[in-house]
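**Student:** Take a look at this one; I'll ask things after.
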Amino acid sequence: MNKILRVKPLRLILLSFIVFVVVSCGDLNPYRPSGETETILENTSAISKRITFGEKSLAFGQESFNPQREKAVRSIADGEDDTATRILTDYLKSKPNDPEARIFLNNLKVKNPYHTIAVSVPISSNLGASQEILRGVAHAQSDWNNSRSVSGGMLKVAIADDDDDNPNNGTKIAEEVATELAKTKEILGVVGHYSSDTSLATANIYEKNQLVSISPISTSVQLIDNTPYFFRTVPSDRAAAQALARYAQAQLNSPKAVVFYNSDSNYSKSLSQEFISLLGTLNIIRREDPDCDLSTWSKNPEDWGEKATEVLKKAKRDSANVLMLAPSSGYLDQALEIVQVNKGNLPVLGGDDVYSPRTLDKGRDSAVKMVVAIAWDIDANETDSDFPKRSQELWGTASVNWRTITAYDATLALAKAIDDQAQPTREGVREKLSSNFSTPGAFKTVKFSDTGDYDGDIQLVEVKKIGSQYDFVPLMTYLIN
């Protein structure tokens with residue numbers, strides 16, 4: 001005889017309550033550390049929690065808690081816009097350098113008719129770089145909306161946290177975020193994504209939905225051949241490699257370079273391959289050495305010094321006279337171990353992911369005279385525009401970095417392409433950007449080539465010690481054309 005499990009009423013109530021609590025609390029923190037996989041991210045409702053107009057903060061848990069800021073966000077979620085506007089206005093007087101709060105406040109001030117774009121950044125895994133991009137978007141939104149407050153056509157911005165996660169990392173968060181943005185029909189364009197791998201992973205999704213993305217960061221040469229819906233406001237890896245190769249050839253009679261990269265990054269492979277091609281294979285040594293691929297190094301930081309010493313000994317035996325660092329941001333510490341072991345003995349060149357406060361903090365004296373190729377340096381261009389002054393007034397800081405400038409230009413490009421249409425559509429945005437498009441940017445006119453590539457120049461900067469501090473100082477500008 002089969003036994004029937006009978007649950008007493010009180011136990012049944014208790015069991016139901018436990019199940020309710022587990023289900024309800026299982027998704028209290030959707031902003032996971034990079035690298036973990038959560039099944040909850042597979043459903044759309046969880047992905048939607050990574051997108052906000054102000055009703056939730058994506059930076060909570062990433063920054064120090066601020067009750068004033070939290071209260072403002074709760075007020076937006078509750079529909080109390082006047083209260084939220086007042087709180088955020090007061091908050092930004094004391095904390096002006098918070099770009100997420102600035103975008104939330106800008107959104108609250110938007111009046112009909114308005115248009116909507118999104119910015120997708122890796123808040124969960126790279127808050128610092130995300131904030132640099134968000135500052136550019138927020139500044140451009142402020143400038144655009146202030147000029148449109150009477151005539152209409154203001155800009156509303158959705159912020160998305162894609163974690164810079166793509167199939168190369170074993171997850172598809174960025175793809176799911178892109179899908180969610182594409183499903184939101186009011187979104188007419190996207191500023192993003194961050195890495196070239198993530199931009200490549202999301203490109204087909206945007207193309208299927210006729211949604212343009214303009215990346216202020218992704219530099220891979222491969223992207224331009226991938227889709228007509230991708231544009232960028234940053235020079236490609238070919239342009240950066242050309243500037244660095246020309247510099248090496250000008251400084252050394254016969255460059256003999258060792259190139260360090262990581263093979264699990266499209267950006268890193270693209271930059272290193274372009275540099276090798278432009279410098280010439282006869283000027284590259286240890287090209288086939290797997291130790292030059294930083295992704296093959298031990299995951300234990302304690303082993304990096306020994307590995308860097310070993311590789312530099314090989315380079316010295318082969319008469320190397322210059323080092324080229326082309327790591328993606330996730331391998332910057334390994335690359336800086338090479339810089340520290342080198343101690344300035346050989347000249348060092350670097351791609352734009354080396355342009356980081358981390359390089360100055362960890363490299364210090366060993367990094368002095370390192371030359372890095374970037375899209376913009378605000379100090380080199382401060383006399384060309386009032387942007388530096390306006391930026392300082394908005395954020396309360398002396399300067400912003402190149403990611404802020406390229407994000408500013410990307411946002412204004414989308415705004416102009418939308419505004420140029422009587423009845424804005426997604427396809428109309430692509431057509432406008434592809435047809436002899438131009439608009440004033442932070443420092444110069446923003447234009448695109450026929451392929452969607454950025455029509456601009458490369459800036460070289462050099463690490464210098466100024467007093468007891470270290471900084472990137474403008475060296476020279478290389479014209480791409």
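The values are calculated or read from the model by the stated rules, or taken from the named source; none is laboratory data. This is a predicted model, so every value here is computed, not measured. Every residue, glycine among them, receives a Cβ derived from its backbone with ideal geometry; neighbour counts consider all protein chains shown.
**Student:** Grab the helices (runs of 4 or more DSSP H) fully contained in the range 40-131, keeping just those with 1 or more residues being surrounded by 14 or more Cβ atoms within 10 Å (Cβ to Cβ) and at pLDDT 95 or above.
**Tutor:** Fully inside the range 40-131 and qualifying: 67-77, 81-94, 99-109.
**Student:** On to the next question. Which residues, taken from the range 427-473, are of a type in the set (Val, Ile, Thr) and assigned to a helix (DSSP H, G or I)? Steps first, please.
**Tutor:** Of all residues in the range 427-473, those of a type in the set (Val, Ile, Thr) come to 429, 439, 445-446, 451, 458, 461, 463, 466, 473.
Matches in the range 427-473: 429 only.
**Student:** Looking at (1) within 26 Å of residue 249 (Cβ to Cβ); (2) surrounded by 22 or more Cβ atoms within 10 Å (Cβ to Cβ), find the lone condition where residue 319 falls short.
**Tutor:** Failed condition: (2).
**Student:** Could you tell me which residue of the range 267-313 is nearest to residue 238 (Cα to Cα), considering only residues that are β-branched (Val, Ile, Thr) and not in a helix (DSSP H, G or I)?
**Tutor:** 284
**Student:** Still on this structure, please answer the following. Just to verify a result, which residue in the range 401-419, among those that are surrounded by 24 or more Cβ atoms within 10 Å (Cβ to Cβ) and either among the polar types (S, T, N, Q) or assigned by TED's automatic domain parsing to the domain that holds residue 157 (or both), is modelled with the highest pLDDT?
**Tutor:** For the range 401-419, the residue satisfying everything is 411.
**Student:** Quickly run through the range 400-446 and pick out the residues that are hydroxyl-bearing (Ser, Thr, Tyr) and in contact (Cβ under 8 Å) with a residue 12 or more places away in the chain. Before the answer, list the steps.
**Tutor:** Of the range 400-446, the ones hydroxyl-bearing (Ser, Thr, Tyr) are 404, 406, 408, 411, 425, 434-435, 438-439, 445.
404, 406, 408, 411, 425, 434, 439 - these are the residues of the range 400-446 that are hydroxyl-bearing (Ser, Thr, Tyr) and in contact (Cβ under 8 Å) with a residue 12 or more places away in the chain.
**Student:** Can you tell me which residues in the range 79-104 are polar (S, T, N, Q) and touching a residue at least 40 places away in the same chain (Cβ under 8 Å)?
**Tutor:** 97
**Student:** So, in the range 246-255, how many residues would count as being in contact with a strand residue (DSSP E or B) (Cβ under 9 Å, 6 or more places away or on another chain) and of a type in the set (A, V, I, L, M)?
**Tutor:** 2
**Student:** Pick out the one residue from 349, 323, 336 that is in contact with a Lys or Arg (Cβ under 8 Å, 6 or more places away or on another chain) and either within 24 Å of residue 164 (Cβ to Cβ) or part of a strand (DSSP E or B) (or both).
**Tutor:** 336
**Student:** Now, a different point. Of the residues 211, 200, 223, 244, which is buried (at least 24 other Cβ atoms within 10 Å of the Cβ), aliphatic (A, V, I, L, M), at pLDDT below 95 and out of contact with any Pro (no Cβ under 6 Å at 6 or more places or on another chain)?
**Tutor:** 223
**Student:** If you check 126, 107, 168, 146, which single one turns out to be in contact (Cβ under 8 Å) with a residue 60 or more places away in the chain and either under 22 Å from residue 400 (Cα atoms) or over 20 Å from the mean Cα position of the chain (by Cα) (or both)?
**Tutor:** Just a single option satisfies the conditions, and that option is 126.
**Student:** Considering the range 226-240 alone, what residues qualify as being modelled with pLDDT under 95, crowded, with 24+ Cβ neighbours inside 10 Å and assigned to a loop (DSSP other than H, G, I, E, B)?
**Tutor:** 234, 235, 236
**Student:** Please specify each residue of the range 261-280 satisfying the condition of being within 22 Å of the chain's Cα centre (by Cα) and among the hydrophobic types (A, V, I, L, M, F, W, C).
**Tutor:** 271
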